[in-house]
Every structure is written in structure tokens, then in C-alpha cells.
Amino acid sequence: MKRLKRKKQNAGVGVNGNGPVTREPDCGRKQKLAEIHQALISDPVDIETLRRAAASRGGLLTDELRRKVWPKLLNINVYDLPHKPGRDVRENHKDYNQVLLDVRRSMKRFPKGMPATERAVLQEQLIDIILEVLKRNPQLHYYQGYHDVAVTLLLVVGERMAIALLDTLSNYHLRDFMDPTMDSTKHILNYLMPILEQVDTELHDFMMRSEVGTIFALSWLITWYGHVLSEFKHTLRLYDFFLASHPLMPIYLAATIVLHREKEVKQTECDMAMVHHLLSRIPQDLPYELLIAQSQDLFNQYPPSLLAKRAALQSRKSLSISTFQAFQLSTLHQRPDSVLQRLTKAQGSTTSRHASRHSGLEAALPRDRGQLWGKGNRIVKMAVWGLSATLGAAVFAVAQTAMDWGPEVLLQLF
Amino acid sequence: MAESGSSVEFSGSLTSSTLPPPRTRIFKIIVIGDSGVGKTCLTYRFCAGKFPEKTEATIGVDFRERLVEIDGEKIKIQLWDTAGQERFRKSMVQHYYRNVHAVVFVYDVTNAASFRSLPAWIEECKQHALGTEVPRILVGNKCDLQDSIQVGTDVAQQFADAHSMPVFETSAKNPSSHGDGSYGSGNSDHVEAIFMTVAHKLKSQKPLVLSQPSGGSGGTISLSSGMNDGGDGARSWGCSSC
Ligand SMILES: Nc1nc2c(ncn2[C@@H]2O[C@H](COP(=O)(O)OP(=O)(O)O)[C@@H](O)[C@H]2O)c(=O)[nH]1
Ligand SMILES: [Mg+2]
């Protein structure tokens, strides 16, 4: 474990792919890092500070921190993660074909420089984690776009932690999208126009006249913008924000984006097709930090409860909204990782040897994207990719990396 | 961006400076069918002139358009590319069935299930009050994959006849190649011909004459082996006249 720690530190902040974006105001960054760190070791974990950090300028700064903070935001014990899915996860699942189809053609979601073989391994993992979560939750139904959420998690936290995060997200934030029908999703989309109406009646009326509807924002909402942003660092920034926010926040951001483009919209021909076309294409150079701050303001000024008084929004209940408060409460009593590790280990040893399956390694597994397949990290790379493929490859990987990670860590992977 | 490079086909055609004069007629065509049959590739092929390198799942509705000239008239063809997953149809795509002028049903010739879904799609259209008076065509895609064909031309033809629509077999990937070798005349673009056929139909109810699409090479456009050439011309349009 010690060794691992050291490696983690080496892989730290500086080499992270999304460093440059957030680095300019360096003074604030250092302080933020310290605050996050402090919040993580507080007992109980200082979740309020973590939420604030995730939403405020720059978000969680690095993938290293995301691997530590995202689980806290979702009340997940990283020392008690689900097992890697077995082969049976793919058997007889009604959504298997659709998942396969969507994942196989989701090439764009993977970093550009990633070799095809490595991407292929991740795609297989992606199929597995999606099916695993669906299998654990028969009440949840796959939708096209769910894979865009899953891939974002997978690329940052690795397979096993991604299952845990996705499971919780699916039962809370994404819950409304996972009904057998999309009526609840439509209900959430119905919050969009009332927000616009509060802020800019003229724009609202223009859009109503055009009969554009709200489908242009559908993929934004149900993928948390993962489907429409081409820069992964922007997606991550938004995920930091949404993981720390109310489930309706993606809709407030949608409203903010439309408001931001108000002039363009009003100059467009007042026609469904034209307005849909304009809005459904998100400009890739949006000022994300500004928009995030504005959506928070909008949220505070016109909270969901206020909007819900409107007739159109009264007819239906949203599970994501109604369970949110309880969910937030549940995150308040988390122990820091050092304590969790000790506690979970103690618990594990009283049952079977295998039960102590959790490993801090999981947290370190995918390391930093871009570094994985970078030059200087051959051995780590072998281990990660080898382990994720077949059992045969996994054994091979152990042989390759035993010196690096120590057998006690590696054994816990199986 | 929902589809790779999907902004490409619009560059130019949608900026305000090149907006066609207001009198330009717009033909709205909705493209439906199971997930993965190639709806996105077909619409992209028609609007951008090439096979997209990577497509992604279509979430909700995507929109593509292209300006064409038919018999001297400039016409905007608007294609509404829809999500195939069932849950999207029911409550999402609905909105876009309104005011469409034509419907293109797509199945995948290498996937029998996608063919078996067609009755459900046709039913769905009916529910949105798009009856037989709205021109409808059937497109069997991916016929470049000759070795894995699961839906024969004759079966497709029978089905199309029964539903009074013409059927075309094509490939969004390689639209000028034909498995049976008998239609490989020159470099005519099949996908283009198909959508232009619909546009012609819309422009006029007169017997179809396929004019040369804008930018096309001189040759005659040959329609596919799956083309409905025997049916009752009154019921299924577009066939007996070619
Ligand atoms: N061989 C072949 N593959 C195709 C063709 N059209 C689409 N595809 C592939 O089929 C898959 C699904 O295509 P897509 O257009 O996304 O299907 P959609 O879900 O109906 O929009 C993609 O991997 C395409 O590359 C074709 O004509 N030939
Ligand atoms: Mg599609």
C-alpha cells in the first residue's frame, strides 16, 4: 500500500490533462487543493466544503481528486466496491443489444490518442458496468445516452468504482430518465421554459411561437452534456458541478445556455426546425465557469419548488427530486478514507478472506488519462489493461507488475 | 455535437447570409426505423455527401438539411433523423411527426429483426395521423454487406407492396455499389437518388421523372433492384414511371 501511495503522488496534479485550463489563477488553486484535502480527512468528511469546491471555479481540478471526492459526493465507500462483473452479466439481458450497439459506436467519447486495442478493452468494461448496474436494479431501464454518463465515470474512476457511482447516480440523479417510458424525463424538460419565462419573457415567447419544444435539450439533460461536448475536460467540469448539485441543475444550465445565446436565437427565423437546429448544437467555446455560476444564481432565485407551482409541472412527481433531500442527508455522516479502510478491513476479516476485496488500488487504477498510454508508464499500463481483459491476461499482468504494486494489492483485484 | 462532423453539412446553408429567399419551399421528411439500421448515416450521406466516419447514438431528434434544385426550383430538403430506441418514440419524437411531408422507413438488410419491426413503425406513423396520403418509402440499408443479408429483396418487395410503398435497397456506406452487380452503372449515388425521388414526388404528383440532381454526373440515375417496379401504380407511387 505504501508503494501505491507514493505512485499516486507522483502521478499527481501537474501531469493531469486538465491542468492547463484551471491553472492560470494559481494562487486560488493551491488554497483550494488544501481545502479539499482538509475536507477529505475531516471526520465526518466535510461534505459541504467538497460540494462547494466541486461547483466553484475550476471544479475538482484533477482526476486524482475526482477519484477521491466523487465517491464522497455520492456516499460511497471506496473500500467496499462491487466486484468486477462476471461473464454472466451479459446473459439474457433485455437491453444487451442496445447497449452493445451504443457502446460500440461511442468511439468519440474516448481520448483521441488512445490506441484502438485499449479503447476496445474499455468499451467492453463499459458494456459490463452498464449491464451490471441494470441487473442490480431491475426497476431501472436503459436509455440511449446512459452510456455517455457511464463512460465519463469509467474514464475517471475505473471499472469497479464506476459501477458504484453509476448505481447511486441511477437511483437518484438519473432516476427519472430510467423509467420504462420517458414521461418523467419530459416532465423534467418541462421545467426549462418556465425558467426562461422568469428571466426573459420575450425570448420565452419567441420560443413558444416557434414551437421548438424542448427536445433540443434532451441529450444535454440525460447525458449531463457528455454526449454533446467534444472536450472531455469540459464534461468533467460539468460532472463535478452536477454531482454536487440538485438533480434539476442540468436544466438550469440548459436555461442559462439558451439565455446566453439569446441574441442568436431571436435573430433566427421563428420556425421550429431553425430554432431546434440552432439550439441543439452547443457552441464548443462556451464560458463554462460563468454559465455554471449563472445557473446557480438562477437556481437560487427560482428554485424548483417555486417553478413547480405552475400547472404544467404539478401533474407529476419526480423521483429524483423527491428523494434528493434524503440523499443529501445520507452523505453527511461519512468517515474519511483512512477510517473507512480500517473499518472495512476489520469487517472483512471476520468473514471470508475474499471479502476484503476492496482495494485502494481501485482508486488509483485508471490513473490519469493520457498518462496511461504515455511513454513513461509502460508497466502501469500493462497492469491496468491486462487486468481488465481476460483472466489469462490478468495473470500475465501480475507477473509484470508484482514489483511495482506488491502482491497484497494485486491479489485483491480478483 | 451529436453526430460526428454533423455541423459540416450545414456550414454555408444556414448562415443568415446564405439563407434562401423566404419563398423557398421546404420539404420535411422524417426518417424512422430501429436503432442501428443506419438512419444517421443515410441522412448524413445525403446532406453531407459522404459516409460519416463515426456516428453515435442519436438522442432525441437530429436535424439535417440540404438545398436542392428540382426543375429549376430551389427546394430545401429537411431530414429529421430520429432516435431508434423505443422509449424515445413514444413521448419524444411525437412532436416532430407534425407537419412532415414524407416518411422514410429504414431497415437493415443484414438484420431481420429490424425488418420485423416495420409494422410497428408503420402503425406508429398512423397514430400520428400520417396515413397513406403522406408519401412513404421503405429503404433497406447496408446492402454492401452482401455476405450477411438476412432480408431478401423479394420479401421486402412483397411487404412494400402490401403497404403501398416503393422499396429501395442501398448502402449509406457505398451507395454506388450493388451486390448483384447489375446496377453498378457509373458512379450514381443511390442514397441521393432515393431522397431526390421523394422530393420529386413531393414536388409534383405527376408521374416521376428523375431529373439529374444538382451536382450529379451526367448519367441516368438507376434505382435499385428493390425498386417497386411491378406494383399497382395507383397505390404505390414512383415505380411504374421509372
Ligand atoms: N456496412 C455498412 N454499415 C453501415 C451502413 N450504414 C450504417 N452503417 C453502420 O451501422 C451502424 C449504425 O449506423 P447509424 O447511422 O448510427 O444507425 P441509426 O441508429 O439508425 O442512426 C454504424 O456503425 C454505421 O457505421 C451501411 O450502409 N453499410
Ligand atoms: Mg442515429
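The values are calculated or read from the model by the stated rules, or taken from the named source; none is laboratory data. Every value quoted in this text rests on a predicted model; they were computed, and no experiment measured them. No Cβ is skipped: glycine too gets one built from the backbone with ideal geometry, and neighbour counts run over all protein chains shown. With ligands, DNA and RNA removed, areas are computed over all heavy atoms of the protein, side chains included. Shrake-Rupley method; radii C 1.70, N 1.55, O 1.52, S 1.80 Å.
Data for the structure
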| quantity | calculated |
| --- | --- |
| Verdict on A:H204 being assigned to a loop (DSSP other than H, G, I, E, B) and either more than 14 Å from chain B (Cβ to nearest Cβ) or open to solvent by 30 Å² or more (accessible area, probe 1.4 Å) (or both) | no |
| Some residue of the stretch B:79-91 being within 13 Å of ligand 2 (Cβ to nearest atom), open to solvent by less than 20 Å² (accessible area, probe 1.4 Å) and over 24 Å from B:H163 (Cα atoms) | yes |
| The stretch B:1-34, residues that are open to solvent by 20 Å² or more (accessible area, probe 1.4 Å), in a loop (DSSP other than H, G, I, E, B) and at pLDDT 85 or above | B:D34 |
| Subset of the stretch A:81-104 that is open to solvent by 50 Å² or more (accessible area, probe 1.4 Å) and among the charged types (D, E, K, R) - its residue that is farthest from the other protein chains (Cβ to nearest Cβ) | A:K84 |
| Count of residues meeting criterion [among the β-branched types (V, I, T), within 12 Å of ligand 1 (Cβ to nearest atom) and more than 8 Å from every other protein chain (Cβ to nearest Cβ)] in the stretch B:27-82 | 6 |
| Checklist (1) within 16 Å of ligand 2 (Cβ to nearest atom); (2) under 29 Å from A:S184 (Cα atoms); (3) in contact (Cβ under 8 Å) with a residue 40 or more places away in the chain; (4) among the basic types (K, R) applied to B:K28, failing item | (1) |
| Identity of the residue in the stretch A:243-267, crowded, with 21+ Cβ neighbours inside 10 Å and within 14 Å of chain B (Cβ to nearest Cβ), that ends up farthest from A:T168 (Cα to Cα) | A:V265 |
| One residue from A:A326, A:A254, A:A273 being out of contact with any Pro (no Cβ under 8 Å at 6 or more places or on another chain) and touching a residue at least 60 places away in the same chain (Cβ under 8 Å) | A:A254 |
| Verdict on A:Q301 being modelled with pLDDT of 85 or more, away from every other protein chain (no Cβ under 14 Å) and over 30 Å from A:D80 (Cβ atoms) | yes |
| Filter pass, A:Q139 being closer than 26 Å to B:S114 by Cβ and outside the structural domain of A:L218 (by the TED database) | no |
| Within the stretch B:31-55, considering residues that are without any contact (Cβ under 8 Å) to a residue 60 or more places away in the chain and closer than 18 Å to A:L100 by Cα, the one nearest to ligand 2 (Cβ to nearest atom) | B:T40 |
